[in-house]
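Read through the structure below, which is laid out as structure tokens, and then see the notes.
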Amino acid sequence: MWKMQNKNIKFLIIAICVLVIFLLGWFSNLFFQSKQNNDSKLLVIRENSPEYKYINPLLLNDNFGSSFPQYVNLKKSIEDYISNAINKNNAQSVSMYFRDLNTGKWTGVGENEPYVPSSMLKVGVLIAYFKVAEKDSSILDKKLLYTPKNNPLQFYKPTHLLTPGYHTVRDLIQQMIVESDNDAFNTLSHEYPEEISNVFSALKILYPSESPDDFLSASVYSRLFRTLYNGTYLSHANSEEALKLLTYTSFNKGLVAGVASSTIVAHKFGEHSVFEDGILSDRELHDCGIVYYPQKPYFLCVMTKGKNFANLEKIISDISKIVFTYIN
């Protein structure tokens with residue numbers, strides 16, 4: 001009897017050991033697969049500048065697989081709003097990307113859908129010139145020839161134009177950002193095309209010349225503002241100066257219209273119209289930037305496509321208000 005009990009105990013011990021080994025292997029495999037899945041959703045962007053041999057500054061990183069339960073209700077509210085706007089034919093498509101700039105937690109609706117960014121690319125030009133100025137500050141005082149032209153496809157025209165003639169780069173940058181002046185943009189773009197291209201390349205953003213019309217999403221566009229906020233591409237002083245300039249953007253019918261009047265917003269809007277045989281085919285209107293909510297600054301980007309700019313303005317401002325109210 002004792003020998004029989006001994007054998008049973010040994011068998012039980014062996015069975016337990018086998019089970020433990022199996023469970024350890026199963027959990028290890030699960031952990032490894034989970035880690036692989038998480039790693040595949042990580043994006044790390046470094047400067048990769050040939051100028052440095054021993055450092056490679058981190059510009060930003062992302063975890064596309066993150067899920068933040070505190071924003072479930074916000075996401076649902078915006079999804080319902082967008083669905084209603086589309087059902088009423090006020091828009092063809094609407095995308096939104098929200099990110100808490102202090103924690104990095106985010107949510108979005110169609111945040112990876114591509115649109116035509118148009119004037120929002122002017123932020124890249126702004127960054128490029130400030131980058132050049134870090135090596136040679138005199139570049140901002142250099143004078144370039146500015147020739148204002150009639151831009152028939154531009155709906156939101158500058159309220160103030162510079163006089164034709166030579167103006168400093170500093171004044172042209174201000175005109176390009178504050179008034180969204182396409183002529184100032186063209187003048188600046190032709191002067192340092194390689195440096196401008198380098199900005200988009202460094203942040204892994206497709207440049208217009210190598211992309212189809214719809215090529216930039218709300219989530220990818222956030223990289224321009226996030227590197228400014230984090231001070232990771234430009235010096236802290238130049239990042240501060242760039243964002244300060246963006247707070248003077250004259251367009252106030254999008255993000256700005258959805259927040260309290262005392263709230264500072266550093267942002268850039270973009271518009272795009274398509275005409276086929278003289279008939280309006282579709283329009284796009286976007287507004288993206290940083291809302292400096294006290295102690296809780298956040299990035300918000302709303303991109304829209306439809307037929308009527310007034311409807312698209314309201315959609316952007318309404319979504320801005322939904323987010324602002326939620327944060328409050």
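What does the highest-first list of 43-52, 213-222, 120-129 look like by mean Cβ count within 10 Å?
120-129, 213-222, 43-52
How many angstrom separate the Cα center of the stretch 125-158 from the Cα center of the stretch 188-230?
What the calculation gives is 16 Å, centre to centre.
If the reach is capped at under 13 angstrom between alpha carbons, list the aspartates and glutamates near Lys268, excluding any in the same chain fewer than eight residues apart.
Output for Lys268: Glu179, Asp181, Asp287.
Would you mind calculating the gained length between Glu51 and Thr263 on full extension (0.36 nm times residue separation, minus the Cα-Cα distance), in nm to one decimal?
72.4 nm
Keeping all protein chains in position, work out how much accessible area Ile322 exposes to a 1.4 Å probe, and write it in Å² to the nearest 10.
Spelled out: Ile322, probe radius 1.4 Å, area about 50 Å².
Starting from the amide H of Leu101, placed 1.01 Å from N in the peptide plane, find each other amide H under 5 Å away whose residue is 5 or more places distant or on another chain.
Counting only residues 5 or more places away or on other chains, the set is Tyr298, Phe299.
Please give the contour-minus-distance gain from Thr147 to Ala310: 0.36 nm per residue of separation, less the Cα-Cα distance, rounded to one decimal in nm.
Full extension of this stretch gives 55.7 nm more.
Stick to the Cα atoms of the stretch 139-203, pair each with every other, and give me the Kirkwood hydrodynamic radius in Å at one decimal.
Radius from the Kirkwood sum: 12.4 Å.
Which distance in nm do the two modelled labels at Gln295 and Thr103 give, with both placed 7 Å along the Cα-to-Cβ direction?
1.4
Lysine pairs, Cα distance under 27 Å, 8 or more residues apart or cross-chain: how many in the stretch 78-196?
13
Residues with beta-carbon under 11 Å from that of Pro69, excluding Pro69: net charge, scoring Lys, Arg +1 and Asp, Glu -1?
Here the charged neighbours net out to +2.
The values are calculated or read from the model by the stated rules, or taken from the named source; none is laboratory data. The structure displayed is predicted, hence computed values, not measured ones. In this analysis, Cβ positions are derived from the backbone assuming ideal geometry, glycine residues included, and neighbour counts consider all displayed protein chains. Keep in mind that these areas ignore ligands, DNA and RNA; they rest on the heavy atoms of the full protein, side chains included. Shrake-Rupley method; radii C 1.70, N 1.55, O 1.52, S 1.80 Å.
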